[in-house]
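Asks: Quick one: the structure is below, questions incoming.
What follows draws every value from the coordinates through simple rules; no lab data is involved. What you see is a predicted model, and the numbers here were worked out from it, not measured in a lab. All Cβ positions, glycine included, derive from the backbone under ideal geometry; neighbour counts span all protein chains shown.
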Amino acid sequence: MTEENKKENINIESDRAQKTFLEAELLFKNGFIIGAVSRLYYFLFYHFRALLLTKGHEPRSHEGTLRLVSLHFIKECIFEPKVSHIFSKLMKYREEADYNPSYIFNEEDFVELKNEVEELSYKIRTYLKDKGYV
């Protein structure tokens, strides 16, 4: 992958993340909290994919994404361990939202998760900008 391709793919993932965040907000505002929680997960997932592209990695699974972020960004002290905990929590919640019809999320759950992912998104976007990718 050339540097030009890498930047292009990072920008595609970043744009995809931003659109997914808007989807989460629209779903929440219209009373679809379960769908909104699921979209918050993907918002972060696409950000993580952008991060991994900076190191030349293209994970093939959600779990692989978490492992690679932990290895290349947490272990190397670029991001604090809290980052992987937030992603793990959202991964679990996304699975519950998508596959467990009896699992309930309320407005407070969404707002708390949204605040966490917005803070993390800011850190990721700052990293990408500082490295010259966006």
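Asks: Kindly indicate which of PHE28, PHE105 is outside any helix (DSSP H, G or I), in contact (Cβ under 8 Å) with a residue 40 or more places away in the chain, surrounded by 14 or more Cβ atoms within 10 Å (Cβ to Cβ) and among the hydrophobic types (A, V, I, L, M, F, W, C).
Replies: Among PHE28, PHE105, only PHE105 is outside any helix (DSSP H, G or I), in contact (Cβ under 8 Å) with a residue 40 or more places away in the chain, surrounded by 14 or more Cβ atoms within 10 Å (Cβ to Cβ) and among the hydrophobic types (A, V, I, L, M, F, W, C).
Asks: Report, ordered by the first and then the second residue, all pairs with beta carbons closer than 8 Å, sequence separation of six or more or different chains, a first member in the stretch 82-101 that is over 18 Å from HIS47 (Cβ atoms), and a second member that is among the aliphatic types (A, V, I, L, M).
Replies: ALA97/ILE34; ALA97/VAL37
Asks: For the stretch 44-100: of the residues being in a loop (DSSP other than H, G, I, E, B) and charged (D, E, K, R), which is nearest to PHE110 (Cα to Cα)?
Replies: GLU80
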